[in-house]
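Below is one structure, written out as structure tokens, with a few remarks after it.
The values are calculated or read from the model by the stated rules, or taken from the named source; none is laboratory data. All figures in this text were calculated on a predicted structure; none of them were measured in a lab. FYI the Cβ positions are ideal-geometry reconstructions off the backbone, even for glycines, and counts take in every protein chain you see. Only protein heavy atoms, including side chains, enter the accessible area calculation; ligands, DNA and RNA are left aside. Shrake-Rupley method; radii C 1.70, N 1.55, O 1.52, S 1.80 Å.
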Amino acid sequence: MTEARITHVGGPTTLIEAAGWRLLTDPRFDPPGRRYSFGLGTSSRKTAGPALEAAELPPLDAVLLTHDHHADNLDTAGRALLPGVGTVLTTPSGAGRLGGNARGLGAWTTWRLESPGRPTIEVTTTPARHGPPLSRPLVGEVTGFALRWEGQRHGALWITGDTVLCAGVRKVARRIDVGTVLLHLGGVRFPLTGPVRCTMTAAPALELCAQLRPHTVLPVHYEGWSHFQEGLEGIDAELGRAPADLRARFRRLTPGVPLELPV
């Protein structure tokens, strides 16, 4: 059995330390207060800063970037961090925009992080849809990442990415034995788009987890921005109505405080 050390920096940004590797998801380190455009007349204000500054991070082996074109997943300070990282794994369109050390991977593509003296980590990209059906031309590409390495007891560590519950996401449960989930929530929506959601709320997320049956579920991506419509209170309320066995799989990450757990 191996352990992973997970530190939630804020929003979707998470430091994963496992098998001798240090990986960071979706770096955003700007201070709060600024309003960012999300395209098509939508915008959001950052309401909370990171629990750790970029300068406080240890040396990173790779960044797992679910998408580059929304500031709540990659902001100005996050972009400045990328050139100093060995590898940035992201979507094909994102790699085209970023260039440099960014590698674009289509869905169900596997990239191997390899280094002498450390176990290889297989990173497999998983489908994600950041909005309703047919919205990709408007909202852009997004990906998730499933991480597998020798010694895992419970199964892969899966980062869902910003997504709604859709057929592509459900396929993960059929194709990958998932042990730990970094679950992007928040129920993102904007006044301009009305009731349309761009990420999961807790209710569909619980439906997904009932299908996955993971050992551990770690909610992220629900605080720090004005476009997040469901925070911890709403998540906890939904969890309170869930079966006890499913509810017991959820663990809360305190921003800035590392959590060690078996994987």
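So, by mean Cβ neighbours within 10 angstrom, what's the order for 5-15, 241-251 with the highest one leading?
Taking the mean over residues of other Cβ atoms within 10 Å, the ranking is 5-15, 241-251.
Which of the helices in the chain meet the span-like rule: DSSP H, Cα axial reach of 30 Å or more, Kyte-Doolittle mean at least -0.5?
Values: long enough: none.
Long hydrophobic helices here: none detected.
Please compute, over every Cα-Cα pair in the stretch 56-144, the percentage with a separation greater than 18 angstrom.
The calculated P(r) of the stretch 56-144 puts 46 percent of pairs beyond 18 Å.
Have a look at the DSSP beta bridges in the stretch 77-167 and tell me what percent are antiparallel, nearest 5.
Percent antiparallel among DSSP bridges in the stretch 77-167 is about 80.
Over the chain, what relative contact order in percent results from Cα pairs under 8 Å that are six or more residues apart? Don't skip to the end; give the middle numbers.
Numbers: 641 pairs, mean separation 52.8, N = 263.
Relative contact order comes out at 20 percent.
Counting only other residues whose beta carbon sits under 10 Å from that of Arg35, what net charge do I get with K and R as +1, D and E as -1?
Neighbourhood net charge equals +3.
Between Gly96, Gly78, Gly161, which gets the highest mean-square fluctuation from a Gaussian network model of the chain, Cα cutoff 10 Å?
The residue with the greatest mean-square fluctuation here is Gly96.
Can you tell me the order of 107-114, 120-127 when each peptide is scored by its average per-residue count of other Cβ atoms within 10 angstrom, highest first?
Values: 107-114: 14.0, 120-127: 20.5.
Ranking, from highest mean packing down: 120-127, 107-114.
Count charges around Leu261 for me, please; just the other residues with Cβ under 14 Å from its Cβ, Lys/Arg as +1, Asp/Glu as -1.
Net charge in that neighbourhood comes out at +2.
Nearest 5 percent is fine: what portion of the DSSP beta bridges confined to the stretch 134-250 is antiparallel? Before the final figure, lay out each step's value.
Numbers: 3 of 13 bridges.
Of the beta bridges lying entirely in the stretch 134-250, close to 25 percent run antiparallel.
If you look at just the Cα atoms of the chain, how large are its Rg and its Dmax in Å?
Expressed in Å, the Cα Rg and Dmax of the chain come to 16.8, 52.
For the stretch 114-186, what does the alpha-carbon gyration tensor say about shape, rounded, prolate or oblate, given a ≥ b ≥ c as the root eigenvalues, a/c under 1.5 as rounded, and a/b over b/c as prolate?
prolate
Rank-order 98-105, 252-259 by packing density, defined as the average count of other C-beta atoms within 10 Å over each peptide's residues, highest first.
98-105, 252-259
For the chain, what % of the accessible area comes from carbon and sulfur atoms, probe 1.4 Å?
51
Kindly provide the GluC sites (Glu not before Pro) of the stretch 1-68 that DSSP labels as loop, not H, G, I, E or B, and whose Cβ sees at most 14 other Cβ atoms within 10 Å.
Answer in residue order: Glu53.
Answer rounded, prolate or oblate for the stretch 1-122, using the Cα gyration tensor with square roots of eigenvalues a ≥ b ≥ c: rounded when a/c is under 1.5, else prolate when a/b is larger than b/c, else oblate.
Oblate is the answer for the stretch 1-122, as a/c is 1.5 or above yet b/c matches or exceeds a/b.
Once you list every other residue whose beta carbon is under 11 Å from the beta carbon of Val181, what net charge do they have if Lys and Arg are +1 and Asp and Glu are -1?
+3
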